[in-house]
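In what follows, a structure is listed as structure tokens, so that the remarks can point back to it.
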Amino acid sequence: MRLAAMVLVIVMLALTGCAKKQANINTESGGKQVDVIRVATPNAPTSPSIYYVGDELGFFAEQGIKLEYAGVVPSPQLVAAVVAGKLDVGGAHVNRTIAGISAGAKIKAVAANTETSQAIPHMVGVVAKNSPIKSAQDMVGKKIGIPTIGGCNEYTPYAYMKKQGIADPKSKVEVIVMPEVQLDQALRQGNIDLAMMHKTADFIQERGEFTVLFSDFDVWEAIGGATPAYFSENFIKEKPDVVKRFVAAVAKTNNWANANPDKAIEITAKRAKVDPKTIKPGYYAKDAVILEETVTVWIDLLTDFNEIKAGIKPEQIYTNEFNQQVKK
């Protein structure tokens, strides 16, 4: 249960050594009361940021919410940051939410963010064009480059290999961890054999030197790429109306980003001060509704790999009760 153990250590450190009193989220702006929600500053985004887009378009302001960017927080530390009160809301791939809750973190997902489609998967496994790797079987004994241990980038290739009939895939590959921005160079130099990237097949094809071996859509079709936003249970209990308004803003942003993918990229690139060519289109959950199957598939996978305790249920991970688009 390596992933859950890692999360538990981080959560305990947050609770015992880093805990801070939750900030008063009420403030005055132009005579109008707003609620401040602290979020992690998007770092080198590879797809449109819902926070930057919704902030730029005023969707959060419409709900009486002001986003406060609290600095870059690596995805493995987001759960601990929310538990400790450094952030009010966190969000990364759902497997980290599940692992955190399994380890004892009192958090709950409330709004869906990204999902997967065939054209716009959450992530892809990429090899050099002249690579001998043509199938899952060819991955055995090879080096896989990933941005972080315990993330979707690690477990997606395991799931792909297992689906293709390879038993105990974790023991059959060597994982190399490096920043995502370095993966292409490592692949180019032959330091790794396959890279897990948050890109699309079109994005890779346009660059000419690499090819996509598989995507998360090939593994789970549309249900594997969920990255829901979560609050601490205390925040939810104390400020349910703020959570409800946050979910409404995310839902509106998701729908707008799906309808305006190029503009969403432009806004994100401008706010993040990066080249828009480095950002792929995103595919977002309609109305920010969290689907049970997107949670269940990762509970099953992490349980199968003994990374979380047995018996975790979807209702422990998420709720749609604050989403006005869900029929009660």
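The values are calculated or read from the model by the stated rules, or taken from the named source; none is laboratory data. Predicted model, so just to flag it, every value in this text is computed and none were measured. FYI the Cβ positions are ideal-geometry reconstructions off the backbone, even for glycines, and counts take in every protein chain you see. Protein only, heavy atoms only, side chains kept; ligands, DNA and RNA dropped before computing areas. Shrake-Rupley method; radii C 1.70, N 1.55, O 1.52, S 1.80 Å.
In a residue-by-residue description of the stretch 193-204, the property of being acidic (Asp, Glu), within 17 Å of the chain's Cα centre (by Cα) and under 20 Å from Cys152 (Cα atoms) applies to no position.
State yes or no: is Gln33 outside any strand (DSSP E or B), more than 23 Å from Thr116 (Cα to Cα) and at pLDDT below 95? Don't jump to the end; show me each part of the working.
Working: outside any strand (DSSP E or B): no; more than 23 Å from Thr116 (Cα to Cα): yes; at pLDDT below 95: yes.
In short, no.
Filtering the stretch 54-95 to residues that are open to solvent by less than 50 Å² (accessible area, probe 1.4 Å), of a type in the set (Val, Ile, Thr) and outside any strand (DSSP E or B) leaves Val73, Val79, Val82, Val83, Val94. Write out, first by first residue and then by second, each pair whose Cβ atoms fall under 8 Å of each other, whose residues are 6+ apart or on separate chains, and whose first residue, in the stretch 228-242, is more than 17 Å from Val36 (Cβ to Cβ) and at pLDDT 95 or above while the second is buried (at least 19 other Cβ atoms within 10 Å of the Cβ) and polar (S, T, N, Q). Here the result reads Pro228/Thr97; Pro228/Asn113; Tyr230/Thr97, each pair linking the stretch 228-242 to a residue that is buried (at least 19 other Cβ atoms within 10 Å of the Cβ) and polar (S, T, N, Q).
For the stretch 98-123, what are the residues that are among the β-branched types (Val, Ile, Thr), open to solvent by less than 10 Å² (accessible area, probe 1.4 Å) and modelled with pLDDT of 95 or more?
If we filter the stretch 98-123 for residues that are among the β-branched types (Val, Ile, Thr), which is where we start, we get 98, 101, 107, 110, 114, 116, 120.
This time we only want the ones that are open to solvent by less than 10 Å² (accessible area, probe 1.4 Å), so: 98, 107, 110, 116.
If the condition is that a residue be among the β-branched types (Val, Ile, Thr), open to solvent by less than 10 Å² (accessible area, probe 1.4 Å) and modelled with pLDDT of 95 or more, then Ile98, Ile107, Val110 are the ones that fit.
Here Trp256 passes the criteria (1) under 15 Å from Asn113 (Cβ atoms); (2) touching a Ser or Thr at 6+ places or on another chain (Cβ under 8 Å) except the one numbered (2).
The sole residue among Tyr155, Tyr160 that is more than 30 Å from Val242 (Cβ to Cβ), modelled with pLDDT of 95 or more and either open to solvent by 10 Å² or more (accessible area, probe 1.4 Å) or not polar (S, T, N, Q) (or both) is Tyr160.
Could you check how many residues of the stretch 251-287 are of a type in the set (Asp, Glu) and under 17 Å from Ile120 (Cα atoms)? Even if it seems obvious, please write down each step before you answer.
Filtering the stretch 251-287 for residues of a type in the set (Asp, Glu) gives 262, 266, 275, 287.
Checking which are under 17 Å from Ile120 (Cα atoms) leaves us with 262.
Result for the stretch 251-287: 1.
For (1) among the basic types (Lys, Arg); (2) touching a Pro at 6+ places or on another chain (Cβ under 6 Å), each residue gets a yes or a no:
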position: Phe231; (1), (2): no, no
position: Asp241; (1), (2): no, no
position: Ala248; (1), (2): no, no
position: Thr253; (1), (2): no, no
position: Ala259; (1), (2): no, no
position: Ala269; (1), (2): no, yes
position: Lys273; (1), (2): yes, no
position: Lys280; (1), (2): yes, no
position: Tyr283; (1), (2): no, no
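Are any of the residues in the stretch 222-245 part of a helix (DSSP H, G or I), closer than 30 Å to Lys143 by Cα and either in contact with a strand residue (DSSP E or B) (Cβ under 7 Å, 6 or more places away or on another chain) or hydrophobic (A, V, I, L, M, F, W, C) (or both)? Yes.
When Asp304 is tested against (1) in contact with a strand residue (DSSP E or B) (Cβ under 7 Å, 6 or more places away or on another chain); (2) closer than 16 Å to Cys152 by Cβ, just one condition goes unmet, and that condition is (1). The criterion of being part of a loop (DSSP other than H, G, I, E, B) and among the β-branched types (Val, Ile, Thr) holds for Thr46.
So which residues in the stretch 135-151 are open to solvent by 10 Å² or more (accessible area, probe 1.4 Å) and either closer than 13 Å to Pro76 by Cα or among the charged types (D, E, K, R) (or both), if there are any at all?
Keep residues of the stretch 135-151 that are open to solvent by 10 Å² or more (accessible area, probe 1.4 Å), which gives 135, 137-138, 140-143, 147-149.
Across the stretch 135-151, the qualifying residues are Asp138, Lys142, Lys143, Pro147, Thr148, Ile149.
The single residue among Val212, Val219, Val177 that is exposed (fewer than 15 other Cβ atoms within 10 Å of the Cβ) and either in contact (Cβ under 8 Å) with a residue 40 or more places away in the chain or under 22 Å from the mean Cα position of the chain (by Cα) (or both) turns out to be Val177.
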